[in-house]
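Read through the structure below, which is laid out as structure tokens, and then see the notes.
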Amino acid sequence: MPDTQALVNDFLNKLKKRKIEGSQATAKQTAELLRSVISQTRMPYTNQAAALIHSVKAVGERLIAANPVELAVGNVVRRVLHIVREEDLSLTTAAMAGLNLSAESDDEDDTDRDNHPALSAAAIAAASRSTLRPPSLQTLLEDVPDSAAVPHTSSSGGDSEGKSKSADKSSRSRKLKHDVIEAVNELIQDISTCHELIAEQAVEHIHQNEVILTLGSSRTVLEFLCAAKEKKRSFRVFVAEGAPRYQGHLLAKELVTRGLQTTLITDSAVFAMISRVNMVIVGAHAVMANGGVIAPVGLNMVALAAQKHAVPFVVLAGSHKLCPLYPHHPEVLLNELRSPSELLDFGEFSDCLDFGSGIGAPLLHVVNPTFDYVPPKLVSLFITDTGGHNPSYMYRLIADYYSADDLVLERRTTSGN
Amino acid sequence: MDARRMSRAVPRVRQVGFFTPNTPAKQPQPQSAAPCSESPPLSDSPASNSLSPVMIPPPRHLSDNLGGRTAAVPVPGRENSGELPTVGSYNPSESVLSLDSPPRSRIGDEELSEGAESSLGWYRRSDSAKFASSLPSGGFNLSTAKHPESVAAVEAKNPLPEQSEAQKEQASSSKPLKAKTTKAERRALQESQRAAKAASRAEANKSGTPGGAPSSKPMKQPPQKKDGPPVASSIAASERIGVDRSVEKERKKDLPPPRKQFDDESRGGRAKRRSVLNQPEARNRVELFRHLPPHKNGTQLPYLGSKFFELHEKHPAVYKVGLQYLAGDLSGGNARCIAMLQAFQEAIRDYSTPPEKTLTRDLTSKIGGFVSFLIECRPLSMSMGNAIRFLKSRIARLPLTLSESEAKTTLCSDIDRFINEKIVLADKVILRHAATKIRDGDVLLTYGSSCVVEMILLYAHELGKQFRVVVVNSHPMLEGQKLLRRLVVKGLSCTYTQLNAISYVMHKVTRVFLGASSIFSNGTVYSTVGTASVAMVAHAFRVPVLVCCEAYKFHERVQLDSICFNELGDPDAISKVPGRVDVNYLDNLTDKQKENLELLNLKYDATPSDYISVIVTDYGMIPPTSVPVIVRGYRKEYLLI
């Protein structure tokens, strides 16, 4: 698979050099890359899902390491892993219907590999049911062992591979890969259309004569506002310019081009203006499992001001931005410092920058972080492609997209690295 | 506490029947017997007033206590307070001064004589305002000390309405002409009107009615109203009102008159007519801020130059300062205020009273004209408003006995004293106070560039304290970078960042030092835009916020938001980012795009008082809730010296 390797390396380079801007683009490209990785993966006879998972993980780890701050990469890798598991599981359950009896014996063969108690076919079926279907009262009652069973889905997947030394195996293996690629395609589709899904909800949130404030530039926000505009709502937008990148200028330009009344304000005027604003709508870089937001720098300030004036603070986020991790000290650990040249002219300050004091350290430091962490208590609402959610609900939403296994495994392997 | 009670007591004492030229306080004092001979105004320092709980020796008694010292007087007191940088606002030495001279001591025989004398002085002053040269001063009012009150009370109401009528009249008469007449014609018309008015005034004066409208009460500048007339009227009014109503009246006087807004129609028309500068058309105006005058920038300089010779009576020094405001060369509340006062000083030196006029009246109107010109160039800051108020009250209080040259020297030294005490010395006191709050290992954050904060940082550095400074800046402002450079050159270790990253740096910060353009009496800090955000984030991170501000910048206005009153900066400054050629998204907009796009460049914002931990001022360190107390004491102090 030389071509995949080349693709991976190319993408790695881009990530490392921060050539890819925006989590959507990153997510999409990651998904595309993983799709090609999957299609290139040679499928062994046994344990096909594990092989797929292994190869995806191997690439995924490198991608994540290349830009650990771009959480969308990790999110997509996890999503793809989840897809593989799910597809595998659904195939298994399909097979299970026919192979109910042989399952038990095969199970025992493989259990030594992962020291789990043997699973009955009923338990596997229950587990698969519970992951595939929304939880119903029946499954809840039925599945007391469910909590134990869910983490074992991978092993049960492996089991099913092992046991299926039957005639339909080759067709099944091809089917797995095919299904996974299908699903990844769907994921890519989702990522690229999440704007529209979010924008569709605009009319539910923007009323006539509303005054909206946003900071920096986000394509999601742009589409959201334009969708409301197309529905003949007339409203006014304050755009804070979002130093040091001044993407707000770009957004303001886009908005006026589409005929929206736009006022460009400086970031410093946010507090002054927010008392006249009805709603703050911003994009996010990533949404953490606790409902906290990693957002362009400056948004924590805006969120605090909004809270002070009881202005709703709404975050728009596509599902690829939902990160299953809980943040620890995210202001520093999930942040990235950009070049000081964006703030200070090197020409003017070069003498100060290497102005050595007695200890040899420069007297002047320049801090230019990229992201801010907005704690969940400052967020009023998340609007994702699946609808609006409270910050406190994000953990549950995230559980729909990721399997708990990947969460843990990913961590183990990254820490192992 | 004592001091406060005393101030209450004053009106009661007065009610006993002594002549009370002014409401509670110290109207007669400037003329009080002792200092009268030896340049009275100098003897009492504006810094000395017992009324505020943060003790300042009362001016009236300075002469008693300190033997009528001149300009240097306040300095010892100040030095004292500086040398014992008491953390609190209470300064024993000062309080002693204030205590041993309670107003009650005034009740006595001397009060009688003083009353008579002061009434003379007072009367002269008032008549200088109204009766001009026509009445033989003194003769009329010395006979009964109380008469003037009633007469004056009537009078007090007159001048302003009259004046505004006159203005209206003029406005209406010249408005229709505006379009058709040439400039020369208009001027001729104006001149004739003025002459006619002067004549009628002279007549009115002769007949003894208080008719004379303050002739040239600057018709120029409506916003100026805030600073000019209120003072004059309040002084005039309070001087005449009967004792019983004085308290009530004073309370009313406390209310700052509503500011004329830019969108006020009567104002708008007048302003446009007499504006020295081209008013940029309502291009790109932000809907929410139509009540504020648009920014004027240096590109109008040529136009201004062409109008130079029409700017009658503009003193070159004032003109220069105005241009500096316009071009943005002068910025910072203190710098602007000092430059303005010095320009006025020069103008006063070169001033000579025209025949048929009195110095007090004519000079006040002159100053009014200067001020309106300066406002044309850039809206006044609160501190400048206060300084102008001070100057006008000084002019109004000039004893008529002074010759012109004496009066001029007095005024000039008053101005010097104001600059020295209220700004220079106040800053020194502030730095000593603030330096006590800086410890080794601190990380201090400052926003923008405030000269007081800069002095504090340098002072603490000189004291050998080890700390780090975080300089925060935000886009259209470049002052932060200049401050950064000055600090680094002085050897302070600094961190530089921009406002958006404030949450990132705030974790490490232990103190936030902010400057202020003004502090309102509800504790709101009116300061460079962005200050509120910094204070808010600091508050959220539980970092103490110290606002450093001289007391002369305190103002009795109240304000809740940053929109009702503000100043607009150059909107075009937003679309360009110096040093960043890549930010050019707004360069080539079509007309249709421009139609929808508004650029807003606010200059100030209002920080709610709950974000402020302490205000460091020349009276000590006070909580924001104590601002009205200072404002109250301060107003009396500088109006009444």
- Of the residues in the range B:563-583 that are more than 8 Å from every other protein chain (Cβ to nearest Cβ) and outside any loop (DSSP other than H, G, I, E, B), the one that is surrounded by the fewest Cβ atoms within 10 Å (Cβ to Cβ) is B:Asp572
- Task: Tell me, yes or no, whether the range B:624-636 has at least one residue that is among the polar types (S, T, N, Q), in contact with a strand residue (DSSP E or B) (Cβ under 9 Å, 6 or more places away or on another chain) and more than 9 Å from chain A (Cβ to nearest Cβ).
- Result: yes
- Those residues of the range B:449-483 which are crowded, with 21+ Cβ neighbours inside 10 Å, assigned to a loop (DSSP other than H, G, I, E, B), within 14 Å of chain A (Cβ to nearest Cβ) and modelled with pLDDT of 90 or more amount to B:Ser449, B:Ser474
- Note on the structure: Of the residues in the range A:227-245 that are out of contact with any His (no Cβ under 9 Å at 6 or more places or on another chain) and within 13 Å of chain B (Cβ to nearest Cβ), the one that is surrounded by the fewest Cβ atoms within 10 Å (Cβ to Cβ) is A:Ser234
- Message: Given the criteria at pLDDT 85 or above, of a type outside the set (Lys, Arg) and closer than 27 Å to B:Leu478 by Cα, does B:Gln324 qualify?
- Response: yes
- Under the condition of being in contact (Cβ under 8 Å) with a residue 12 or more places away in the chain and either at positive phi or part of a loop (DSSP other than H, G, I, E, B) (or both), which residue from the range A:303-319 is farthest from the other protein chains (Cβ to nearest Cβ)? A:Gly318
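If I filter the range B:524-562 down to residues being more than 17 Å from B:Pro624 (Cβ to Cβ) and assigned to a loop (DSSP other than H, G, I, E, B), which single residue comes out as farthest from the other protein chains (Cβ to nearest Cβ)? First the steps, then the outcome.
Going through the range B:524-562, the residues more than 17 Å from B:Pro624 (Cβ to Cβ) turn out to be B:528-530, B:533, B:537, B:540-542, B:552.
Next cut, assigned to a loop (DSSP other than H, G, I, E, B) only: B:529-530, B:541-542.
Numbers: B:Val529: 5, B:Gly530: 3, B:Phe541: 10, B:Arg542: 13 Å.
Taking the candidates together, the pick is B:Arg542.
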- Task: All but one of (1) at pLDDT 95 or above; (2) not assigned by the TED database to the domain that holds B:Val631; (3) not aromatic (Phe, Trp, Tyr) hold for B:Thr510, so report the exception by its number.
- Result: (2)
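Which of the residues that make up the range B:368-383 are touching a residue at least 60 places away in the same chain (Cβ under 8 Å) and part of a helix (DSSP H, G or I)? Please lay out each step first, then the result.
Here is the first cut: in the range B:368-383, the ones touching a residue at least 60 places away in the same chain (Cβ under 8 Å) are B:368-369, B:371-373, B:375-383.
Once the filter is applied, which keeps residues that are touching a residue at least 60 places away in the same chain (Cβ under 8 Å) and part of a helix (DSSP H, G or I), the range B:368-383 yields B:Gly368, B:Gly369, B:Val371, B:Ser372, B:Phe373, B:Ile375, B:Glu376, B:Cys377, B:Met382, B:Ser383.
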- How many residues does the range B:584-623 contain that are in a loop (DSSP other than H, G, I, E, B), of a type in the set (A, V, I, L, M) and facing chain A (nearest Cβ under 9 Å)? 2
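Taking A:Val293, is it within 18 Å of B:Gly530 (Cβ to Cβ), aliphatic (A, V, I, L, M) and in contact with a strand residue (DSSP E or B) (Cβ under 7 Å, 6 or more places away or on another chain)? Spell out the reasoning first.
Working: within 18 Å of B:Gly530 (Cβ to Cβ): no; aliphatic (A, V, I, L, M): yes; in contact with a strand residue (DSSP E or B) (Cβ under 7 Å, 6 or more places away or on another chain): yes.
Here the answer is no, as A:Val293 does not meet what is asked.
Taking helices (runs of 4 or more DSSP H) that do not extend beyond the range A:1-89, which have at least 3 residues that are of a type outside the set (Gly, Ala, Ser) and within 17 Å of the chain's Cα centre (by Cα)?
Details: elements: A:2-16, A:23-40, A:48-66.
Hits in the range A:1-89: A:23-40, A:48-66.
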- Query: Assuming B:Ser521 fulfils every condition listed in (1) in contact (Cβ under 8 Å) with a residue 60 or more places away in the chain; (2) within 13 Å of another protein chain (Cβ to nearest Cβ) apart from one, which condition is it?
  - Reply: (2)
- Item | Matching residues in the range A:269-278 - criterion: being touching a Ser or Thr at 6+ places or on another chain (Cβ under 9 Å) and either surrounded by fewer than 24 Cβ atoms within 10 Å (Cβ to Cβ) or assigned to a strand (DSSP E or B) (or both) | A:Ser275
- Please work out which one of (1) crowded, with 21+ Cβ neighbours inside 10 Å; (2) of a type in the set (S, T, N, Q); (3) over 20 Å from the mean Cα position of the chain (by Cα); (4) within 28 Å of A:Gly347 (Cβ to Cβ) is the condition B:Ser533 fails and give its number. (4)
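Here's the yes/no breakdown for (1) surrounded by fewer than 18 Cβ atoms within 10 Å (Cβ to Cβ); (2) over 17 Å from B:Leu514 (Cα atoms); (3) without any contact (Cβ under 8 Å) to a residue 12 or more places away in the chain:
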position: B:Ala396; (1), (2), (3): no, yes, no
position: B:Asp416; (1), (2), (3): yes, yes, no
position: B:Leu425; (1), (2), (3): no, yes, no
position: B:Ile430; (1), (2), (3): no, no, no
position: B:Ala434; (1), (2), (3): no, no, no
position: B:Gly441; (1), (2), (3): yes, yes, no
position: B:Tyr447; (1), (2), (3): no, no, no
- Message: Tell me the residue from B:Val543, B:Val489, B:Val558 that is without any contact (Cβ under 8 Å) to a residue 12 or more places away in the chain, surrounded by fewer than 23 Cβ atoms within 10 Å (Cβ to Cβ) and not charged (D, E, K, R), please.
- Response: B:Val489
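Being touching a Leu at 6+ places or on another chain (Cβ under 6 Å), buried (at least 19 other Cβ atoms within 10 Å of the Cβ), modelled with pLDDT of 85 or more and within 19 Å of A:Leu176 (Cβ to Cβ) narrows it down to one of A:Val73, A:Val80, so name that one. Before you say what the answer is, go through the steps one by one.
Details: A:Val73 fails: within 19 Å of A:Leu176 (Cβ to Cβ).
Result: A:Val80 is the single residue among A:Val73, A:Val80 that is touching a Leu at 6+ places or on another chain (Cβ under 6 Å), buried (at least 19 other Cβ atoms within 10 Å of the Cβ), modelled with pLDDT of 85 or more and within 19 Å of A:Leu176 (Cβ to Cβ).
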- Task: Report whether or not A:Met273 is among the aliphatic types (A, V, I, L, M), more than 27 Å from A:Lys321 (Cα to Cα) and more than 7 Å from chain B (Cβ to nearest Cβ).
- Result: yes
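The values are calculated or read from the model by the stated rules, or taken from the named source; none is laboratory data. Keep in mind that what you see is a predicted model, and the values were worked out from it rather than measured. Note that each Cβ is placed from the backbone with ideal geometry, even for glycine, and that neighbours are counted across all protein chains shown.
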